[in-house]
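The values are calculated or read from the model by the stated rules, or taken from the named source; none is laboratory data. Here the structure is a predicted model, which is why all the values come from computation and not from measurement. Glycine also receives a Cβ, built like all others from the backbone with ideal geometry; neighbour counts cover every protein chain displayed. Just the protein is used for accessible areas: all its heavy atoms, side chains included, with ligands, DNA and RNA removed. Shrake-Rupley method; radii C 1.70, N 1.55, O 1.52, S 1.80 Å.
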Amino acid sequence: MDEAGRAAALAEIRRKLALLKQVEAEHGFGVVIEEQTAPLEPIPELPAGVIEVYRVVRRLEGSYFRFRQPPEIASPAAFRDRELVPYDLLGHPLSIGWEIRDIPADLVAERDVGQPIYLDVDEGYVYHVNTDEYVLHVKGAYDGDIEVDEFAPDIVSFFDTCVLGPDYPDVVETVCGPFHRDHRVRKGRFKGQYTDTWLRLLVAAGLAS
């Protein structure tokens, strides 16, 4: 994505966040929308658009996923001093999201856990790998190819279309499975609506279906 495309997509992200905050205030689905308030310094080693996105977004969370600013980009020093796992087959990506659907609420409140969504800091694309397969591969107990699901070529496109737009259901289906993508609330105030509160919010705002 060129500079003009990034600027247009970032403007869309800001517009969508404002819309989602309004819709959430009207419906009370229980999602978290935190915009960035702290200044972020440029980090030349990062792919284009990363700092720009996190100058807008700090944390977005529904009942299935949490997307949060990585602490490693809080400053150039934090990025330089980040912990690198020796011989990481994934090439030391940044974790930018986590599937939290099956994680106990008290554990989710304490720290980021669950299946991660990664940003490749060399190429800039956003992707997911099955962590169970990856761990088994590292231990030598799995000799097949590790499947990589690429969601977007860059982080700006990822937030614009995969978190705040029509491709979010594809993320749910890829990471959680088709059953969970279409699962509906069976009773109560939100009966018949999506169990995933973030998808429910996107649908109510007309940003996904």
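Residues in the stretch 164-205 that are modelled with pLDDT of 95 or more, open to solvent by less than 40 Å² (accessible area, probe 1.4 Å), within 19 Å of Phe151 (Cβ to Cβ) and assigned to a loop (DSSP other than H, G, I, E, B): Leu164, Gly165, Asp196. The residues of the stretch 69-112 that are at pLDDT 95 or above, open to solvent by 30 Å² or more (accessible area, probe 1.4 Å) and in contact with a Phe, Trp or Tyr (Cβ under 7 Å, 6 or more places away or on another chain) amount to a single one, Glu72. Summed over the stretch 33-58, the residues that are outside any loop (DSSP other than H, G, I, E, B), open to solvent by 20 Å² or more (accessible area, probe 1.4 Å) and closer than 17 Å to Ala7 by Cα give a count of 1.
Looking across Gly62, Gly30, one residue alone is surrounded by 17 or more Cβ atoms within 10 Å (Cβ to Cβ), within 18 Å of the chain's Cα centre (by Cα) and of a type in the set (Gly, Ala, Ser). It is Gly62. Pairs are defined by a Cβ separation below 6 Å, a sequence spacing of at least 6 or placement on different chains, a first member in the stretch 10-34 that is small (Gly, Ala, Ser), and a second member that is open to solvent by less than 30 Å² (accessible area, probe 1.4 Å); the pairs so defined are Gly30/Thr197.
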